[in-house]
1. Only one of these is without any contact (Cβ under 8 Å) to a residue 60 or more places away in the chain and more than 30 Å from residue 291 (Cβ to Cβ): 360, 397. Name it.
2. Please go through region 575-634 and pick out each residue that is open to solvent by less than 10 Å² (accessible area, probe 1.4 Å) and in contact with a His (Cβ under 8 Å, 6 or more places away or on another chain).
3. Being more than 22 Å from the chain's Cα centre (by Cα), touching a residue at least 24 places away in the same chain (Cβ under 8 Å) and open to solvent by 10 Å² or more (accessible area, probe 1.4 Å) is the filter here, so list the residues in region 481-500 that pass it.
4. Let me spell it out: the conditions are (1) touching a helix residue (DSSP H, G or I) at 6+ places or on another chain (Cβ under 7 Å); (2) under 29 Å from residue 107 (Cβ atoms), and residue 377 meets all of them except one. Which number is the exception?
5. Residue pairs, Cβ under 8 Å, 6 or more apart or interchain, first in region 260-279 and without any contact (Cβ under 8 Å) to a residue 40 or more places away in the chain and closer than 18 Å to residue 227 by Cβ, second open to solvent by 30 Å² or more (accessible area, probe 1.4 Å) and basic (Lys, Arg). List them.
6. Could you list all residues from region 638-675 that are open to solvent by less than 30 Å² (accessible area, probe 1.4 Å), in contact with a Leu (Cβ under 9 Å, 6 or more places away or on another chain) and farther than 15 Å from residue 600 by Cα?
7. Given the options 411, 389, name the one that is farther than 28 Å from residue 494 by Cβ, modelled with pLDDT of 90 or more, in a helix (DSSP H, G or I) and aliphatic (A, V, I, L, M).
8. Within region 149-190, count every residue that is within 25 Å of residue 134 (Cβ to Cβ), free of Cβ contacts under 8 Å to residues at least 24 places away in the same chain, part of a helix (DSSP H, G or I) and not basic (Lys, Arg).
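The values are calculated or read from the model by the stated rules, or taken from the named source; none is laboratory data. The structure displayed is predicted, hence computed values, not measured ones. Please note: Cβ atoms are built from the backbone with ideal geometry, for glycine as well, and neighbour counts cover all protein chains shown. All accessible areas refer to the heavy atoms of the entire protein, side chains included, with ligands and DNA or RNA removed. Shrake-Rupley method; radii C 1.70, N 1.55, O 1.52, S 1.80 Å.
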Amino acid sequence: LANLVQGLSSTDPAVKEKAIAETEKRLHDQKTSQEEESKTVVNRTVINSQSSDTTNAEAVNTDGLLAVLEKDAKERAELRKRNEHIANALKEEGNDAFRKGHYVLAVQRYTQGLKKIRDKQELYTNRAQAYMKMQEYEKAISDCEWALKCNEKCIKAYFLMGKAHLALKHYSESRQCYEKILQIDLQKESLFKDCMNEVNLEEKRMKDEERAMKEVQSGNPAALSVKELLKKMDRPDQNILYYTGAIRLLTGAVKDCTEKTLFRINNGFSILKDNEVIRRGFCAERKTSAEVDLSVSLLTLWQAVCSGNEENQRLLLTHPDVSAQLPKLLSSGIWEIQKETLALISLYSENENGRRLLVRHQGQTKWLPILMMFVSSTDARASSAMNILSDLTQEERFKIQCRVSLSTDALPLFTQLLTSAKLVNQAALAQCIGIVGNLCADAVIRKQMAECRECWQACTKLVGESFDVSSHKYQDCLFAVLGLMMNLLLESNMTIQDFAVDISGSCMSLLRHEDGRIVTRAIGVLSRILQASSSAVEEAVKGGVVKKMIKFLKTGGEITSNYGIKTLTVCTRSNRQAQEDLVKTDKGFSVLLKLLDSENEMIVGNAACCLGQCLVVPGAATSLLNSNIVMILLKHAGGDATRTSVQENAAIALGKLCVAEPRHLFQLRKLNGLAILNSSVKYVHST
């Protein structure tokens with residue numbers, strides 16, 4: 001019994017389950033025994049070899065333990081009921097995500113449900129179905145096996161497992177799964193026949209392809225040259241499987257620069273033009289499985305032929321059928337074709353001449369929205385598409401093309417991706433946001449985006465939701481979108497004014513974020529958004545922005561200090577409360593004095609400006625009597641800083657200092673600085 005109690009408290013699930021099963025068995029046996037005792041009276045006289053005290057103690061201990069175990073069983077039953085309710089809710093959330101095509105989210109919800117109830121068959125089969133959509137067939141098979149452990153007669157599990165084995169070309173295993181369905185339910189004969197026909201057709205297609213490959217090889221494949229293989233492509237009486245096999249052999253034969261040249265001089269690029277079977281299969285809008293294989297083989301061949309060969313790249317891209325089909329292949333929705341098309345385009349985007357070919361010969365192609373769509377992909381297609389897009393942004397001509405379709409095509413898709421940040425590939429989304437941010441270096445693109453209300457709404461939503469998501473990938477999206485917002489805030493318009501209060505409020509909340517990069521960028525956004533709205537300044541001051549900035553200025557690096565002092569300068573420009581808060585928080589202006597010694601001219605200029613604005617507060621100038629502020633400001637006012645704002649702001653601050661507290665004039669006279677002060681009078685009057 002002691003071992004039983006120890007097992008129930010074990011952290012090992014297997015040990016605990018075994019103990020639970022033994023407990024339930026004992027409880028059942030006890031109940032059965034009690035029922036039999038009530039029905040039958042038997043002679044229970046035995047010779048007790050132990051003392052009566054020991055026997056009674058054991059009986060008491062046993063009864064007490066069984067009572068504890070019975071109570072534990074009830075508590076576990078109640079806990080399971082609660083967990084089942086949560087698991088059902090998570091299942092419904094997963095089903096909803098699945099219906100919307102958000103398969104990654106669906107998998108997450110089903111997985112969360114299984115953490116609550118590990119033996120819920122529906123969660124395993126539903127997750128397997130989501131894995132099938134994601135083409136993760138091995139995981140789907142594993143989930144189906146677990147579902148069958150929960151319910152050995154689960155038809156859905158056998159059906160999905162059969163489909164997964166078929167996708168992996170495990171034909172025998174697929175048939176076994178479908179045969180199990182018929183054994184469980186004879187009324188599923190129609191389903192069984194359809195499934196078996198699908199397996200037979202797929203297996204036949206593979207065997208036909210193998211025969212076609214052997215026919216193309218015609219003996220010794222190693223002896224076949226590029227020229228000989230191209231001659232075999234001239235046979236007009238063959239089917240699509242024959243040509244697919246020939247193309248694959250041709251791909252294997254093209255290994256070095258010489259063979260790539262031989263491919264070109266032997267009119268290798270004409271196979272698409274001269275062979276109707278190949279051209280029709282490659283250009284088909286709705287492709288059969290054989291046409292998909294043909295297209296993938298062609299794309300792989302062109303990668304081999306064009307890799308490192310600029311002339312071949314030029315010839316391929318100027319081919320009218322290829323030029324017209326590349327965008328269609330990317331939008332086909334067929335995973336294998338998209339993957340190989342992206343790999344082919346990557347060969348061009350990786351070098352300057354290739355990029356120019358893409359932009360010049362695909363001038364009407366809307367690369368930005370087409371490639372942006374892959375952010376929703378959960379596999380390598382997403383990063384591949386983003387890398388291509390990043391490469392293309394180096395071309396000025398590409399930026400000019402983006403201006404035309406930005407507002408109608410790319411921008412609506414981009415805002416949709418931002419709004420769905422929790423559901424898409426977040427690593428790719430972060431990269432995509434960074435790319436769009438770089439495009440904003442173009443004034444025309446930046447102006448269009450800054451005027452888009454939907455774009456600002458989506459950015460604000462992503463920032464607001466960051467408090468509910470702690471994943472590193474989502475934080476990368478947040479970091480990128482803050483950078484994008486900083487770029488857009490170089491513009492000034494009514495849309496920005498309308499969103500200023502919401503944006504500044506979100507950034508104020510981010511100041512307590514644990515990631516220093518995000519805090520720095522949030523301060524950067526504040527330094528720009530507050531310039532757009534006095535209402536935003538007022539709300540930020542009420543939220544303690546001055547105190548927070550002083551804190552960051554004490555410990556932050558150069559970039560943080562640059563943004564922080566700019567934020568304070570904006571706030572103290574016209575807000576009296578901000579001026580008073582700064583004087584109260586920064587005792588003796590110790591932080592501002594430190595910033596005035598910075599080697600960064602922008603920090604010095606803003607620090608001088610901020611100081612001058614705060615000297616209107618009673619007692620502020622007097623608090624500086626025992627400091628060397630006059631010497632510091634005089635040095636900057638008469639210095640040779642590249643930014644004239646440094647001299648101007650220092651001179652203005654010096655003038656205001658002496659006006660507010662005349663005793664500073666004595667120090668100024670000692671330093672022979674009256675001439676500089678006189679030259680600053682015009683700035684004092686102008687302010």
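1. 397
2. Correct list: 596, 604, 608, 621, 624, 629, 630.
3. 489, 490, 491, 492, 493, 495, 497, 498, 499
4. Residue 377 satisfies all of (1) touching a helix residue (DSSP H, G or I) at 6+ places or on another chain (Cβ under 7 Å); (2) under 29 Å from residue 107 (Cβ atoms) except (1).
5. 262/227
6. 651, 653, 654, 655, 657, 658, 661, 664, 668, 673
7. None of the other options fit; the residue is 389.
8. Matching residues across region 149-190 total 5.
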